[in-house]
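As structure tokens, the structure follows; a few thoughts come after it.
The values are calculated or read from the model by the stated rules, or taken from the named source; none is laboratory data. Being a predicted model, the structure only gives us computed values, none of them experimental. Glycine gets a Cβ as well: all are built from the backbone with ideal geometry, and neighbour counts include every protein chain shown.
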């Protein structure tokens, strides 16, 4: 089941976009574990990044998605968990390369930096792109 499960989380700045992306993931056929938050009240983004990254590292989810204002704070926090490779991206090409070259397993998006349509395109690209392996395998191996 973990291969079909995605953990998702957001802080207050990303909660609206998280809802849209969660619906997209369900439409794509993934089971989704929603780690919160649910409202606009200010919260601490590391709490949600840690919850999602621990789900990925622990095998409860194959990949994760995190949304905050910029995606940067979430990526910094998520990358503290061993075996998590979180990438903050702002374009489809960055999402593709994060998967293809870096085997990123957590997508981080900035709700204040990209449009909903761009975020949805990044998500779809991230989920549909496989890791290329080859010369990248050795490099990714050095990350964990």
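The condition (being under 13 Å from the mean Cα position of the chain (by Cα), assigned to a loop (DSSP other than H, G, I, E, B), without any contact (Cβ under 8 Å) to a residue 60 or more places away in the chain and under 14 Å from residue 7 (Cβ atoms)) is satisfied by just one residue among 49, 55, 61: 61. Number of residues in region 1-46 that are in a helix (DSSP H, G or I) and touching a strand residue (DSSP E or B) at 6+ places or on another chain (Cβ under 7 Å) equals 8. For region 88-124, filtered to residues that are in contact with a strand residue (DSSP E or B) (Cβ under 8 Å, 6 or more places away or on another chain) and assigned to a helix (DSSP H, G or I), the residue that is nearest to residue 34 (Cα to Cα) is 123.
Going by the conditions given, is residue 51 surrounded by 14 or more Cβ atoms within 10 Å (Cβ to Cβ) and at pLDDT 95 or above? Let's see the steps before the verdict.
Values: surrounded by 14 or more Cβ atoms within 10 Å (Cβ to Cβ): yes; at pLDDT 95 or above: yes.
Criteria met by residue 51.
Of everything in region 125-136 that's at pLDDT below 95 and assigned to a helix (DSSP H, G or I), which residue is surrounded by the fewest Cβ atoms within 10 Å (Cβ to Cβ)? Among them, the one singled out is 135. The residues listed here are 139, 112, 80; of these, the one that is at pLDDT below 95 and over 13 Å from the mean Cα position of the chain (by Cα) is 139. Does residue 31 qualify as being free of Cβ contacts under 8 Å to residues at least 60 places away in the same chain, within 16 Å of residue 7 (Cβ to Cβ) and surrounded by 18 or more Cβ atoms within 10 Å (Cβ to Cβ)? Answer is no for this residue. Just one of (1) in contact with a strand residue (DSSP E or B) (Cβ under 7 Å, 6 or more places away or on another chain); (2) in contact (Cβ under 8 Å) with a residue 24 or more places away in the chain; (3) under 24 Å from residue 130 (Cα atoms) fails for residue 69. It is (3).
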